[in-house]
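Structure first, commentary second.
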Amino acid sequence: GVRLDLPLQENLGLLLSYRQTHSKIPLQHFEQKRNQIRKLENYFLKLAHSFSERTSISLSFARNPYEEKRFREVSLGSEIKNSWYTLDTDSQRFAAEINHDFSFGKIELKGAFNRSKTSRHAPSNYFNWLVRPTGWVGDWDKDWGTLSQSKEGGYGDLESSQKGQTVNASLQLDPVNSGPIRHEIKLGGGFERITGTFKRQDTSYIYTVISSGANSSIICQGDEGCVDNQQYAAFRSVYEADSAKETINARHFYAQDELSCGRLTLRPGIRYASDNFMNNDDVDLRLAASVDLFGTGTTVLIGGLNRYHGRSLLAYRLAEAKKPVYIERRSRDPATNTLTEWVPLTQSKSFKRYSDLKTPYSDEWTLGADQALLGGRLKLNYLERHNKDEFAQETLEEDEEGRYFTILNNNGRSKHEEFTVEWERRWKRHALFVNFTWQRTRTSNDSYPDPLDDEDLLDRVYYDGELMKKTDLPRGDFNRGYVCNLVYTAQLPFGFTFTNSTRYRSGFSSLEDSGEDMVGPDGVSYPIYEKDKQPESWIFDWRLDWRRKLYGSHDVHLRLELNNVFNQKVPAGAEDTIQTYEIGRQLWAGLEYYF
């Protein structure tokens, strides 16, 4: 990367930067080492000008193209043949900001235009073949799977895009006094318009062979979901060629007043928001308070009561506009050993309906203290957050017209608790920072759609003896329990600075694929998920800096980082029977030159 901060005139400056991150990841794929590729570029340009001491303007442009080439690695314990795909993303953002100091306060105006486009290029169809049945005599072409199925192919080409325009304004009034009370009032509001599109150029299929699909007499007649004299797919999910376009308009306004009276500070606020998707009028009331007990800053108590409404997701509106996914089936004609025509499994189709809901919101309260202790500062804080009216997914019974709807309701609930202790102290050449966090989260729902991976919503698994959608599994590894960090920095002779960061994380439970499967009522084998206990971990990161003044305004800065010094193998969970780990030892070296 390179960054240039260039003064053009006394009151005019230009900032240019470019950075590229390129990764080549060697992985085993069908007994060969194959490289997956990632490439991310960041372009940034900013022009800032001060017309006077009271007025300034800035213009900025950012672009972030990203590309990856990879194969689908493992599903239900099986490597996936012919599954290479590419994912390309390009986003741009242009923003402008104007600041002006009036005699009564400061006004800030911001405007931005952004757009992004994501495309996936992948094989058109996906196949769940059977592995060689026990006792089968003769050829069997699809026999690479490690469990009951051999996977092959992809989910087809997709394109999605998003364009947005935002305008925000805020006014910070100069402090005023009313008797013993000092007021600092801030007002603001904004408007946002977002347009999203989705496009599937060609129809894609997901073929599934069940155990009865193995047949040594079957005649395929060129059918792609069939292997002559071996097996045929009896079911397929159909994703029709489709396109959708939706727009959401949202607006918000807020006001707050920071009141100071002696040792007490209060900051009440209110925020109003609405949009044309949920069509709700959401009002949030917020209050923060602090008390300097002795007026010296040695002991300060803090607290707050807040409500936050969530924002509508454009993905839900697009999901409503998409064509429904449906399942077809066929069978073997015993008279000719050929396949019958595909027919819908039922006359019904699945539609998504997400609007006309309450906006999810969170109520939280917090209480803490900031205390001078042992030459440093000790901070204690407890936070409790109740999330209500969260989106939960539900499938309704078939209606009179043969339709059934996958809808969102407001039945989701969750609760988060967090307790944090921090202490830091600085000496002349040393600094020490320690923090400890305990957290616990309970949730009734953990399902959000991904507009590029709707196919994953069809995956089913067994958990606790029950067959369910994979997206309906209880959240698996969000609870990290106890986390403790220690950071020590020392200034050494000859311009060197050494920093040690130590992180402890307690063990936690996660949901993992057990590697075993169970045959469902439809004759298809599904993986069994179980809870798995992950161990505690200790990670040490070291950093050495050297900075030296050369001449005039020229400085040089060298940096050496060694992360996960002792190369600890820290589990991060599992994906489809394959255990994944956090990154091992890393070495980074950097050079910066100032002039």
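The values are calculated or read from the model by the stated rules, or taken from the named source; none is laboratory data. The shown structure was predicted, so the numbers you read here are calculated from the model rather than taken from an experiment. Positions of Cβ are generated from backbone atoms using ideal geometry, with glycine treated the same way; all protein chains shown enter the neighbour counts. The accessibility values were calculated without ligands, DNA or RNA, using every heavy atom of the protein model including side chains. Shrake-Rupley method; radii C 1.70, N 1.55, O 1.52, S 1.80 Å.
Here are the numbers for the structure shown:
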read-out	value
Leu264/Tyr482 FRET efficiency (R0 25 Å; Cβ-Cβ; nearest 0.05)	0.15
Candidate lysines for bridging to Lys186, where Cα separation is under 18 Å - those fewer than 8 sequence places away on the same chain excluded	Lys106, Lys110
Under 5 Å, built H, 5+ apart or other chain: amide partners of Gln149	Val131
Positive-end residue of Leu27, Ser260, Leu345, charge dipole of the chain with Cβ unit charges	Ser260
Cys with no candidate disulfide partner in the chain (beta-carbon separation under 4.7 Å rule)	Cys261, Cys484
The stretch 274-319, accessible area per residue, ligands and nucleic acids excluded (1.4 Å, Å²)	50 Å²
Other-chain or far-sequence residues with amide H under 5 Å of Thr203's (modelled H)	Ala241
Packing rank of 546-559, 245-258, where each peptide gets the mean count of other beta carbons within 10 Å, highest leading	245-258, 546-559
Distance (nanometres) between label positions extended 7 Å along Cα→Cβ at Ala241 and Ser170	4.9 nm
Calculated FRET value between Ala95 and Glu73, using beta carbons and R₀ = 56 Å, to 0.05	0.90
Integer Hz, Karplus 6.51/-1.76/1.60 couplings in order for the stretch 210-223, x for Gly and Pro	9, 4, 6, x, 7, 8, 6, 10, 5, 10, 8, 6, x, 5
Relative contact order, percent, the chain [alpha-carbon distance under 8 Å, six or more residues apart]	7 percent
Charge dipole (debye, nearest 20) of the stretch 82-216; +1 at Cβ of Lys and Arg, -1 at Cβ of Asp and Glu	280 debye
Estimated dipole of the chain in Debye, rounded to 20 [Cβ of Lys and Arg +1, of Asp and Glu -1, Cα centre]	2620 debye
Whole-Hz couplings from phi, Karplus 6.51/-1.76/1.60, listed for the stretch 81-94; x for Gly and Pro	6, 6, 10, 5, 8, 10, 10, 10, 10, 9, 10, 10, 9, 10
Above-threshold pairs, the threshold being 25 Å between Cα atoms, out of Lys117/Lys569; Lys24/Lys81; Lys69/Lys117	Lys117/Lys569
Phi to ³J(HN,Hα) by Karplus 6.51 cos²θ - 1.76 cosθ + 1.60 over the stretch 414-429, Hz, x for Gly, Pro	7, 9, 10, 10, 8, 10, 10, 10, 10, 9, 9, 8, 10, 9, 4, 10
Structure-derived Rg/Rh (Cα atoms, Kirkwood Rh): which label, when the choices are (1) 1.14; (2) 1.01; (3) 1.04	(2)
Spin-label pair Tyr272/Ile57, simplified geometry with 7 Å Cα→Cβ offset, distance in nm	3.2 nm
Gln534 long-range amide H proximity, modeled H, under 5 Å	Phe508, Ser509, Ser510
Inter-label distance, nm, simple model (7 Å from Cα along the C-beta direction), Glu466/Lys24	4.9 nm
Full-extension gain in nm, Leu587 to Thr299, via 0.36 nm per residue minus C-alpha separation	99.5 nm
Farthest positive-ward along the stretch 43-133 dipole, Cα basis, beta-carbon charges - from Phe44, Ala122, Pro65	Ala122
Accessible area of Val325 in the full protein assembly, 1.4 Å probe (Å², nearest 10)	40 Å²
Accessible surface of Phe104 - all protein chains present, 1.4 Å probe, nearest 10 Å²	100 Å²
Cα lying deepest toward the dipole's positive end in the chain, options Trp144, Ile248, Thr298, charges on Cβ	Thr298
Chain lengthening between Ala321 and Phe102 when straightened (0.36 nm per residue, less Cα-Cα)	74.1 nm
